[in-house]
Amino acid sequence: MVIIQKSVAGLSEAALAKFLVRARRAAGLRGSVSVLVTSNRELQGLNRRFRGKNKPTDVLSFPAMPGLAPRFAGDAAISAEIAARNARRLGHTAADEIRILVLHAVLHLAGYDHEQDNGEMERKEQRLRKALGLPVGLIERTRRPGREKTSRTTQALR
């Protein structure tokens with residue numbers, strides 16, 4: 001299920017839901033994922049509540065509690081405002097940035113953790129990003145020399 005509370009130019013709920021299916025399949029993630037595209041304020045509230053960080057972030061992922069809902073992988077929340085700002089700075093569309101963030105969240109929900117996996121998630125994200133026709137990936141651009149670091153993507157619950 002996809003809910004867009006804060007509109008993003010060139011992106012509909014139907015189009016994002018279709019991309020989400022492709023991203024889940026490409027990542028080998030079983031189970032459905034709910035995605036909320038919302039405001040900085042909402043992301044800041046979630047980040048404060050679940051991570052103790054009182055600031056907005058670009059994307060949060062919330063893996064499903066084991067055994068509670070079979071065939072449900074988890075939730076993702078994305079800031080439309082941060083996505084639009086990063087897209088402008090990086091020279092691609094806000095819709096593409098939202099798709100990059102969805103892919104990143106899907107990989108977290110599939111069990112990848114770029115902070116602890118010696119580059120495994122980064123390599124997977126890079127392969128899938130190319131296969132899905134997306135511009136530079138989230139992890140990749142934060143490691144590139146000469147690039148300004150973007151908002152740190154986080155995994156809310158693990």
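Rule-based calculations on the coordinates, nothing more; no lab input. As the structure is a prediction and not an experimental result, all values here were calculated from the model. Virtual Cβ from ideal backbone geometry, glycine too; neighbours counted across all protein chains shown.
Looking at the chain alone, DSSP beta bridges between its own residues are antiparallel in about 40 percent of cases. Using +1 on the beta carbon of Lys and Arg, -1 on that of Asp and Glu, and nothing else charged, what's the dipole of the chain about the Cα centre, debye to 20? Value, rounded to 20: 160 debye.
Listed highest first by mean packing, meaning other Cβ atoms within 10 Å per residue, what order do 53-61, 121-129, 41-49 come in?
Details: 53-61: 20.3, 121-129: 18.8, 41-49: 16.9.
So the order, starting with the most tightly packed, is 53-61, 121-129, 41-49.
In region 2-143, a dipole from Cβ-located charges (positive for Lys and Arg, negative for Asp and Glu) runs towards its positive end, and of 34, 72, 90 it is 90 whose Cα lies farthest in that direction.
Sorting 114, 104 on the 10 Å Cβ count, fewest up front, what's the list?
Values: 114 21, 104 27.
The fewest-first ordering by Cβ neighbours comes to 114, 104.
Distance check, please: which entries in 6/53; 6/124; 18/124; 18/130 exceed 25 angstrom between their Cα atoms? With Cα atoms farther than 25 Å apart: 6/124. For the chain, the normalised intensity computed at q = 0.19 Å⁻¹ comes to -1.25 (log10 of I(q)/I(0), Debye sum over alpha carbons, equal scatterers, no solvent). Rounded to the nearest 0.05, the FRET efficiency derived from the C-beta distance between residue 68 and residue 126 at R0 = 35 Å is 0.60.
At a Förster distance of 25 Å, what's the computed FRET efficiency of residue 118 paired with residue 51, Cβ-Cβ distance as r, to 0.05? Kindly include the intermediate steps, with their values, before the conclusion.
Details: r = 23 Å, r/R0 = 0.93.
Result of the calculation: an efficiency of 0.60.
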